[in-house]
Amino acid sequence: MPGLSFDVLRNGKRYRLLNFGERHDFEIEYIMANGDFRVKDLHTLERYLLKDLIKFGKGKDFEIREID
């Protein structure tokens, strides 16, 4: 089953991103006008842009899933 599209990501929801074998759990804090997302890491509480996680491309295992 394929993961979610960037179009369906919503403020306040929590997601898990898999890319190149790395897993990132985050919450969407703000959807920017340019289509990027300001997110907060659920483990470190660090804030960053979602594009920073995929700036080196999307691997074969790329997937975004909503988590509880």
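Read-outs: derived from the displayed coordinates by stated rules, not from any lab. Owing to the predicted nature of the structure, the values given are computational and were not obtained by experimental measurement. Every residue, glycine as well, gets a Cβ built from its backbone with ideal geometry; the counts of neighbours run over all protein chains shown.
Computed quantities for the displayed model
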read-out	value
Reachable lysines from Lys40, criterion Cα separation under 18 angstrom, eight or more residues apart if same chain	Lys13, Lys51, Lys55
Integer Hz, Karplus 6.51/-1.76/1.60 couplings in order for the stretch 54-68, x for Gly and Pro	10, 5, 9, x, 10, x, 5, 9, 4, 7, 10, 10, 7, 10, 7
Packing-based ranking, highest mean first, of 42-48, 22-28 given that Cβ atoms within 10 Å are counted	22-28, 42-48
Formal net charge of residues neighbouring Gly21 (Cβ-Cβ distance under 12 Å; K, R +1; D, E -1)	-1
